[in-house]
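Following: one structure in structure tokens, then a few remarks.
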Amino acid sequence: MTKLGRIGSFLAVFLLAVPLAAQAIRLDGPLRVVAVHDGDTVTVLENKRTLRVRLTDIDAPELGQPYGKRAKGSLSVLCFSKPAELEIRGRDRYGRLLARLKCAGVDANAEQVRRGLAWVYTRYARADSPLHAVQLEAQAARRGLWADPAPTPPWEWRRQRRTAARSSVPAESSH
């Protein structure tokens, strides 16, 4: 193998390994939810280390959105100060762990969707995720946000707010 070929092989292995290493996290010991930030984000204490966790495959209403405070309250009742289990899937662009979260044995991701207090985040959830059936059942029962005839998904609400913020920025004058 030529020197260039060896370098290419090394680079290929390195580039494949870096994302895996960046995702790896080892948890040692019992976990407990010590803060609930909104309907899909918590802080978990693991020994003396705090971990910010974003519940994967779901998206709850933002706090300023209808049902946002109810979603946070629901997740608090489910998880706050309770023993937790994480099935870590990776990290998001903000450095939060992406995970399925069980609190006292209850799948919090699925329960938020079942209560009608979160959407299945179709951008990230697999097409064969059981969460889709849970959401259909919540919609049929008109639970939570599904009681609203036209609820706005959080990703659309955030996009609308970003667009409005950009359009409200005054243009610079050319004096």
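Observations on the structure shown:
- DSSP bridge orientation in the stretch 27-146 - percent antiparallel, rounded to nearest 5: 90 percent
- Relative packing of peptides 148-160, 103-115, 66-78, 119-131 - highest average C-beta neighbours within 10 Å first: 103-115, 66-78, 119-131, 148-160
- Its alpha carbons give the stretch 27-146 an Rg and a Dmax of 13.5, 43 Å.
- For the pair residue 158 and residue 52, label points projected 7 Å from Cα toward Cβ lie 1.2 nm apart.
- Cα gyration tensor shape for the stretch 55-99, rounded if a/c is under 1.5, else prolate or oblate: oblate
Where a number appears in this text, it was derived from the coordinates with a stated rule and is not lab data. Owing to the predicted nature of the structure, the values given are computational and were not obtained by experimental measurement. Here the Cβ is made from the backbone with ideal geometry for all residues, glycine too, and neighbour counts use every protein chain on show.
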